[in-house]
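Read the structure below first, then the notes.
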Amino acid sequence: MVETEEWKGNKRQRSALRQKFAGRCAYCGCELKDMHADHLEPVVRLNTDPWGRRLPAAECSLLKPERNVVANMMPACKPCNLHKGGYPLEVWRDVIQRSAEIVRKQTSTFKAGERFGVIAVCDAPVLFYFERLTLGHQDAEASSQ
């Protein structure tokens, strides 16, 4: 499969995408049951008119069509894909990194959980599964030299 090939989501492309990380979500690493195909760098789908009404399928378009290629696709679990939405990867990483701070502001239950020791927040950097795989591969190469 050519990396610059347009992503159409056909059976061949979806099968290859699922195997990209051995059937695991590129982001959290869970085993994929119901795989979503995620654009690593987002494409913005234009499917409503300026008044919010749905456009007919023939009138829908992509804001960044050059990103709709096989090389930009990642296999994702439903929760990761829906949470990432249209965020670029680094923006999504920042949202996840700040998730405790965000939830702490939104709910007293979180603050109580922290006070009573049932919720512990760590400051570990957010590393996605595909990055951990790459780092593990680099570590293995470095130790063999």
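The values are calculated or read from the model by the stated rules, or taken from the named source; none is laboratory data. All of these numbers come straight from a predicted model, not from anything done at the bench. Neighbour counts run over all protein chains shown; Cβ positions are idealised from the backbone, glycine included. Protein only, heavy atoms only, side chains kept; ligands, DNA and RNA dropped before computing areas. Shrake-Rupley method; radii C 1.70, N 1.55, O 1.52, S 1.80 Å.
Tell me the residue from Phe130, Phe116 that is under 20 Å from Gly85 (Cα atoms) and either modelled with pLDDT of 90 or more or loosely packed, with under 10 Cβ neighbours inside 10 Å (or both), please.
Answer to the check: Phe130.
Tell me the residue from Arg24, Arg53, Arg45, Arg14 that is open to solvent by 60 Å² or more (accessible area, probe 1.4 Å), of a type outside the set (Phe, Trp, Tyr) and within 15 Å of the chain's Cα centre (by Cα), please.
One residue alone meets the criteria, Arg24.
Which of (1) open to solvent by less than 70 Å² (accessible area, probe 1.4 Å); (2) more than 17 Å from Leu127 (Cβ to Cβ) does Trp92 not meet, given it meets every other one?
Answer for Trp92: the failing condition is (2).
Being aromatic (Phe, Trp, Tyr), in contact (Cβ under 8 Å) with a residue 40 or more places away in the chain and open to solvent by less than 80 Å² (accessible area, probe 1.4 Å) is the requirement here; does Phe110 meet it? Show your work before the answer.
Numbers: aromatic (Phe, Trp, Tyr): yes; in contact (Cβ under 8 Å) with a residue 40 or more places away in the chain: no; open to solvent by less than 80 Å² (accessible area, probe 1.4 Å): yes.
In short, no.
Just to be sure I understand the filter: pairs with C-beta atoms under 7 Å, separated by 6 or more residues or on different chains, first member in region 68-87 and among the small types (Gly, Ala, Ser), second member in a loop (DSSP other than H, G, I, E, B) and modelled with pLDDT under 95. Which pairs pass?
Ala71/Glu3; Ala71/Thr4; Gly86/Pro42; Gly86/Val44
Wholly within region 1-120, which helices (runs of 4 or more DSSP H) include no fewer than the required count, namely at least 2 residues that are within 23 Å of Leu133 (Cα to Cα)?
Hits in region 1-120: 11-19, 78-84, 89-97.
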